[in-house]
Structure formats: structure tokens, C-alpha cells
Amino acid sequence: VIGGVGDTDRERIDSCIGDVMEASQANINTPLLAPIKVRVGYYRYFFVFLASLGFFNVYALRVCLSVAIQPMQEEYGWSSEEEGYILSSFFAGYILTQVPGGWLASKFGGKWVLGISVVGTAVLTLVTPISAKSIYSLMTVRILEGVGEGMSFPAMHALMAKWAPPAERSRMGTLVYGGAYLGTIVAFPVSGLLASSDFLGGWPSVFYVFGVVGCIWFIVWAMLAASTPSEDRNEITSSHLFLLQKDSSFHGRRS
């Protein structure tokens, strides 16, 4: 059984782990790895699921304005040039936090940098209908959204370095970042339906719905996610993950 409550049990477990690591390096299969694999395997893919939903929100929050801006333009009488300024202002902020985002993730943990990135953008999305009364305030909001979302990818890179075993890094990365494409696919038609409806005033509902979804995701993420395996609430330790990375069968080696 892996895991004990006393110091003696912990010492025995550490000794067993050391023995198993030596055995795995010698290509000896051992049943002691099985419960650890199940335990860590389950949680790391739960982590992938949450992270993928995070990137779903990142891109849904980014692109919803691309649909809603048409009825907004009709209501406020913006020119095509002004529309271009509004849409491009997001990227002015986005480019500013690429490098700082990586530094913040390494210092404070990718969990919180990604979480704040998403929830900050979600809150700004909620206030977009109010800020739209002035093109300058709307552009400011969009720049700030870009600043927030600019940290999302660096934060996820830091998280993947901690959670993704080398042999599964490509697979896990595909699943996580695939959420971004799914968010785009879903956000465009849903935004169109909301903008053309009478729900919450029509086009403002686009920002209210996706903003609320982003805030809900953050609550779940804050409660269940962890920056590193040693921080997770299911007591998955770094030594467990390291042990799995050393195991030949975990790497999917084929004879």
C-alpha cells in the first residue's frame, strides 16, 4: 500500500521507492508501480481536462467580440476604422505579458497565473457592455484583456513542465491546447445566437454568458488544480511522478 500516516511508514515507503527506481532502471517490472500509476495517471488527466477547459474560456473570451461587434457597430455608429482599432487593441496588450507571464508562473506557480489570467479577462468581459459607450474605454478594456490573456500560454508551459511526463508531453499538450480551438468553434455560433436574440438585451448577453462561464471555471480551477504534483490535494508527490517517469512501461517503450 502506498502512503502511511507515521514517520516510520514514510521511511519504509521512501526505501521501497528507492528500490523500485533501481529495479525500473534495470528493466525489472514491479507491481509496486501499479497503484502509483493509477493514482497519478487519473489526476494528471483530470488536470489536463481542467486546463483544456481553461483554454476553451481563453479563446471564447477572445473571439466573442468578433461576432458581437457587428450589432455594436450598428448601435454606436462606429466606422470601419474604429472597428479595426477596437479589435486590434487586444493584441497590443497581449504582446506585453508573454515574457513576464513566464517569470510570474515560475515565481508564483502556473496555477494562479493561469487562473488570474482567465478570471481577469472574464471580469473585464462582463464590463464590456458598459465600457462600449465610449470607444476609448472599450479599447482600454480590450488592452487589459490582452494583458491578462498574454500570460495564459507561458503559465501553461510552466504547468506542463511540472505535470507532463516526457513520454506524454505531446499528447497532453495537444489535449490542453485543443481546448482553445474548441472554444473558438463554440464561441462563434453561440455568440451569433445570443447577439440575435432578446436574451439580456441581445449583444450584451454574449459578454455576460462567456464572462460568467469564465468565472465559474476559475472557482473550480482554484479549488482543484495545483501548480505541481506535490501541491495537489490528493497527495500525489513529486517522488511518485518522478518514479513513474523513470519506469520503462510508463514511457511506453516497445520491444
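Please state which of the following conditions Ala92 fails to meet, knowing it meets all the rest: (1) modelled with pLDDT of 90 or more; (2) farther than 15 Å from Ile143 by Cβ.
Only one criterion in (1) modelled with pLDDT of 90 or more; (2) farther than 15 Å from Ile143 by Cβ is unmet by Ala92, namely (2).
Could you please tell me which pairs satisfy a Cβ distance under 7 Å, a separation of 6+ or placement on different chains, a first residue in the range 77-101 that is in contact (Cβ under 8 Å) with a residue 12 or more places away in the chain and within 16 Å of Lys133 (Cα to Cα), and a second residue that is among the polar types (S, T, N, Q) and outside any helix (DSSP H, G or I)?
none
To keep it simple, each residue is scored yes or no on (1) modelled with pLDDT of 50 or more; (2) surrounded by fewer than 23 Cβ atoms within 10 Å (Cβ to Cβ); (3) closer than 18 Å to Ala167 by Cα.
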| site | (1), (2), (3) |
| --- | --- |
| Gly41 | yes, yes, yes |
| Leu50 | yes, yes, no |
| Val63 | yes, yes, no |
| Ala68 | yes, no, no |
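Any residue in the range 73-89 that is surrounded by fewer than 24 Cβ atoms within 10 Å (Cβ to Cβ), in a helix (DSSP H, G or I) and in contact with a Lys or Arg (Cβ under 7 Å, 6 or more places away or on another chain)? First the steps, then the outcome.
So in the range 73-89, the residues surrounded by fewer than 24 Cβ atoms within 10 Å (Cβ to Cβ) come out as 73-89.
Subset that is in a helix (DSSP H, G or I): 73-76, 80-89.
So of that shortlist, the ones also in contact with a Lys or Arg (Cβ under 7 Å, 6 or more places away or on another chain) come out as 86, 89.
For the range 73-89, residues surrounded by fewer than 24 Cβ atoms within 10 Å (Cβ to Cβ), in a helix (DSSP H, G or I) and in contact with a Lys or Arg (Cβ under 7 Å, 6 or more places away or on another chain): present.
The values are calculated or read from the model by the stated rules, or taken from the named source; none is laboratory data. On a predicted model such as this, the values are computed, not experimentally measured, just so you know. Note that we place each Cβ from the backbone using ideal geometry, even for glycine, and neighbour counts take in every protein chain shown.
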